[in-house]
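Enquirer: First the structure, which I've put down as structure tokens, then a few questions once you've had a look.
The values are calculated or read from the model by the stated rules, or taken from the named source; none is laboratory data. Fair warning: this is a prediction, and the values are worked out from it, not measured in the lab. Cβ: placed from backbone, ideal geometry, glycine included. Neighbour counts: every protein chain shown.
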Ligand SMILES: Nc1nc2c(ncn2[C@@H]2O[C@H](COP(=O)(O)OP(=O)(O)OP(=O)(O)O)[C@@H](O)[C@H]2O)c(=O)[nH]1
Ligand SMILES: [Mg+2]
């Protein structure tokens, strides 16, 4: 049988390129697949999600927003610290009312990032709702696989005497999430596998030790003081 002719250099290069492309695609698939395409604004009623949405989209607070009955979606142009346009992201503002939040699971499948908006002047009465949102986000399979970044946006910082510090808001949520997973485990919840995503249950829950990077910032959506949110979003580009 005749020897196979050696491959021409051009064909060798083409084969190398094909092999490298397959390897890159495999790596991306195993390490979480493609990134999501939308930034979700979630959080309890009245926290300021819609105010933040319009501030990011139009640079104004659209004073007098009412409780949202449906989602708002739009593209937000982002500028860097030198006020230079650097790109845009699609943002989805979800209503806070529990009955209107049923689609969160579906939206999280395509999330590139999540901004959990909190009313820092009113965090304590709303800590259960806020922790429920955070629980759903941090135990979602897509969020876990892609390590979707989460920002705790502690809003209404302009209410100086009433607004709690970022650290207070973060610790309040951390403790509430810890209590929530204990209760759910004790009740023999079917979410056992999901709860495991929140770390070992023999130690207090630590947000810093979870798969998704979680940061926190103090903002005032109404006054347009949202630079920390913009910085968080610019990192996604
Ligand atoms: N003082 C102050 N008030 C704010 C700020 N952001 C929002 N608000 C007010 O808080 C109220 C609720 O704001 P929304 O943006 O509608 O809140 P939401 O989270 O979208 O509420 P739902 O749609 O019901 O989930 C409005 O009266 C806003 O004017 C802020 O940074 N400071
Ligand atoms: Mg709203």
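Enquirer: Looking only at residues that are within 10 Å of ligand 2 (Cβ to nearest atom) and not in a loop (DSSP other than H, G, I, E, B) in the range 56-106, which one is nearest to the chain's Cα centre (by Cα)?
Expert: 93
Enquirer: Tell me which residues, restricted to the range 88-111, are more than 13 Å from ligand 1 (Cβ to nearest atom) and in contact with a strand residue (DSSP E or B) (Cβ under 6 Å, 6 or more places away or on another chain). Steps first, answer last, please.
Expert: Step one: of the range 88-111, the residues more than 13 Å from ligand 1 (Cβ to nearest atom) are 88-90, 102-103, 105-111.
Of everything in the range 88-111, those that are more than 13 Å from ligand 1 (Cβ to nearest atom) and in contact with a strand residue (DSSP E or B) (Cβ under 6 Å, 6 or more places away or on another chain) turn out to be 88, 89, 90, 107, 110, 111.
Enquirer: If I go through the range 115-140 residue by residue, how many of them are outside any helix (DSSP H, G or I) and within 16 Å of ligand 2 (Cβ to nearest atom)?
Expert: Of the residues in that region, 6 qualify.
Enquirer: Can you find a residue that is assigned by TED's automatic domain parsing to the domain that holds residue 88, surrounded by 15 or more Cβ atoms within 10 Å (Cβ to Cβ), free of Cβ contacts under 8 Å to residues at least 60 places away in the same chain and within 13 Å of the chain's Cα centre (by Cα) anywhere in the range 139-154?
Expert: Yes, there is a match, as at least one residue in the range 139-154 is assigned by TED's automatic domain parsing to the domain that holds residue 88, surrounded by 15 or more Cβ atoms within 10 Å (Cβ to Cβ), free of Cβ contacts under 8 Å to residues at least 60 places away in the same chain and within 13 Å of the chain's Cα centre (by Cα).
Enquirer: Looking at 199, 188 in this structure, which one is in contact with a helix residue (DSSP H, G or I) (Cβ under 7 Å, 6 or more places away or on another chain), assigned by TED's automatic domain parsing to the domain that holds residue 46 and in a loop (DSSP other than H, G, I, E, B)?
Expert: Numbers: 188 fails: in contact with a helix residue (DSSP H, G or I) (Cβ under 7 Å, 6 or more places away or on another chain).
Matching residue, one of 199, 188: 199.
Enquirer: Just to be sure, is residue 125 under 30 Å from residue 161 (Cβ atoms), in the same structural domain as residue 150 (by TED's automatic domain parsing), within 15 Å of ligand 1 (Cβ to nearest atom) and without any contact (Cβ under 8 Å) to a residue 60 or more places away in the chain?
Expert: Yes, satisfied.
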